[in-house]
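The values are calculated or read from the model by the stated rules, or taken from the named source; none is laboratory data. Only a predicted model underlies this, so the values are computations on that prediction, with no experimental measurement involved. As a convention, Cβ positions derive from the backbone with ideal geometry for all residues, glycine included, and neighbour counts pool all protein chains shown. Side chains included, ligands, DNA and RNA excluded: accessible areas come from the protein's heavy atoms. Shrake-Rupley method; radii C 1.70, N 1.55, O 1.52, S 1.80 Å.
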Amino acid sequence: MGAALTVAVGMGVYPNMDAVDDLIEISRVVEPRQECQGRYQDLYHEYHEVYAALAPIYRRLHKVR
């Protein structure tokens, strides 16, 4: 639902993301487990490395017509 509403904002159906807040009901909040914080940090580091490696490729792909 979040992706669809983001597209709707991008298409101008809604003026901004704040305008769709009332359309989304939050049924539960998931909090990260404190005992897993080290693993989360390690995984975030790996994510950051992958993102940095792929960003130039995505920029080039965006220019392909």
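Below, the figures for the structure above:
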| item | result |
| --- | --- |
| Segment 13-41 residues that are more than 21 Å from MET1 (Cα to Cα), paired with ones that are at pLDDT 90 or above and loosely packed, with under 10 Cβ neighbours inside 10 Å (beta carbon under 8 Å, 6 or more apart) | TYR40/PRO32 |
| Residue in segment 21-29 that is outside any loop (DSSP other than H, G, I, E, B) and not charged (D, E, K, R) present | yes |
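Table: residues versus (1) at positive phi; (2) of a type in the set (Asp, Glu); (3) touching a His at 6+ places or on another chain (Cβ under 8 Å); (4) open to solvent by less than 80 Å² (accessible area, probe 1.4 Å).
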residue	(1), (2), (3), (4)
ALA3	no, no, no, yes
VAL9	no, no, no, yes
ASP21	no, yes, no, no
GLU25	no, yes, no, no
PRO32	no, no, no, no
CYS36	no, no, no, yes
ARG39	no, no, no, no
TYR44	no, no, no, no
